[in-house]
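First up is the structure itself, then whatever we jot down about it.
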Amino acid sequence: MKERIVFTGAVKLLPQPVVAANHCRENTSVIRFTDDEELLALSHQSKRQTLLSMLLNQQCERLFQQAGLGIDDIRGTDTGLVSGSYYGCMSTTQNISDALWQKGPRGVDVIEFAKATHSFPLSAASIEFTLLGPTAAVVSGEFAGLDALMMANDWLLSGRCQRVIVVGYEHFSPLLEEHLREITGEEQAGLYSDNLSILLLETYSSAVARQASVMAELLQVIRLGGSLATLPARWQKIAASWPQGDAAINVLTNHSPHPGARQLEEEVLGGYSAGFRRHSVQDLPQALGACPLLQLAHFFLSSPDIKGEYLLHHFTANGAAGVRFNLGQSGETYAI
């Protein structure tokens, strides 16, 4: 029998200025972790860590506590770790470039070089918590977070580990801020923000064995690219097998700010949405490659008493993706 996969934990972190930010902007704005005074102070505490690696370790501790896992429980080969990001650790990479320019290669030690790699936050967390399961850092594009989720799901189904820490993040640099402002016109202007979201994905048998609370069951991860002309028909073919009528799926939609993404969304949803209940997604800042994971974490944390089957869409100008999941009752391990 195929193993079932469930979410047993979720945390998210955004800079505090995001809370007060105006989302209706004429120009692109970027808010960074270092705009938050508390996080800025944290960034100066250790020369052996980056701000992002320190935040990841802190949020992992929150995640383990929330999921009812002790440090001894997550050590070893049963726990995997994967991240998804559009641009990766751009802030740290730019800092190293600046240091090389000022000091030359002899003025930067090997640890500083290691900190500039996109895999450093995962490596630091693996060392901190003795995680010996599969590990990967996906740095690709707007579907990076979903690619990481798909990878984690594959690891669990193939028996490589019992649980996977799935991380979505973006960590902007001043140079990247300038780039975003250059490529986003008036139609794409909006609020972008540093972000860090973590989901704990686990086999159902593992969750039952330790009497864990289950937030949701992962039913399907969809990722469609290729020809945009045939994409709506391909998506509708997949959707034909989903429940309708009284048991209809609740559809949550999310898209990148690119006008092409909104057009693709309407083309896809227009073909099958009549049989589904459509909802808008909470207005959160643009999180690029981490956006779907941020939306999932926010939804799980802010909707503890909601039940039913849901589908979170994510559209870009080049493709469509989705995560289908079933929400159980908060505080209980459940069977479907």
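All conditions in (1) out of contact with any Pro (no Cβ under 6 Å at 6 or more places or on another chain); (2) modelled with pLDDT under 90; (3) not aliphatic (A, V, I, L, M) hold for His298, with the sole exception of (2). Contact map, the stretch 131-152: first residue assigned by TED's automatic domain parsing to the domain that holds Arg163 and within 17 Å of Glu202 (Cβ to Cβ), second residue surrounded by fewer than 24 Cβ atoms within 10 Å (Cβ to Cβ) and of a type in the set (Lys, Arg), Cβ cut-off under 8 Å, separation 6 or more or different chains; pairs are Leu131/Arg75; Leu132/Arg75; Gly133/Arg160; Pro134/Arg160; Met150/Arg223.
Checked against the criteria, Leu14 counts as at pLDDT 80 or above, more than 25 Å from Leu156 (Cα to Cα) and under 23 Å from the mean Cα position of the chain (by Cα).
Matching residues to (1) more than 26 Å from Gln58 (Cβ to Cβ); (2) within 16 Å of the chain's Cα centre (by Cα):
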site	(1), (2)
Phe143	yes, yes
Leu146	no, yes
Met150	yes, yes
Arg160	yes, no
Val164	no, yes
Val167	no, yes
Glu177	no, no
Ile183	yes, no
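Considering the stretch 232-251 alone, what residues qualify as being under 24 Å from the mean Cα position of the chain (by Cα) and under 21 Å from Gly141 (Cβ atoms)? The one that is under 24 Å from the mean Cα position of the chain (by Cα) and under 21 Å from Gly141 (Cβ atoms): Trp235. Checked against (1) within 18 Å of the chain's Cα centre (by Cα); (2) at pLDDT 80 or above, His118 passes all but condition (2). Might you let me know whether the stretch 127-142 holds any residue that is more than 30 Å from Gly225 (Cβ to Cβ), modelled with pLDDT of 95 or more and touching a strand residue (DSSP E or B) at 6+ places or on another chain (Cβ under 6 Å)? Looking through the stretch 127-142, at least one residue is more than 30 Å from Gly225 (Cβ to Cβ), modelled with pLDDT of 95 or more and touching a strand residue (DSSP E or B) at 6+ places or on another chain (Cβ under 6 Å).
Number of residues in the stretch 133-180 that are farther than 18 Å from Thr28 by Cβ and charged (D, E, K, R) equals 4.
The values are calculated or read from the model by the stated rules, or taken from the named source; none is laboratory data. What you see is a predicted model, and the numbers here were worked out from it, not measured in a lab. When we count neighbours, we look across all protein chains shown, and the Cβ atoms used for this are built from the backbone with ideal geometry, even at glycine.
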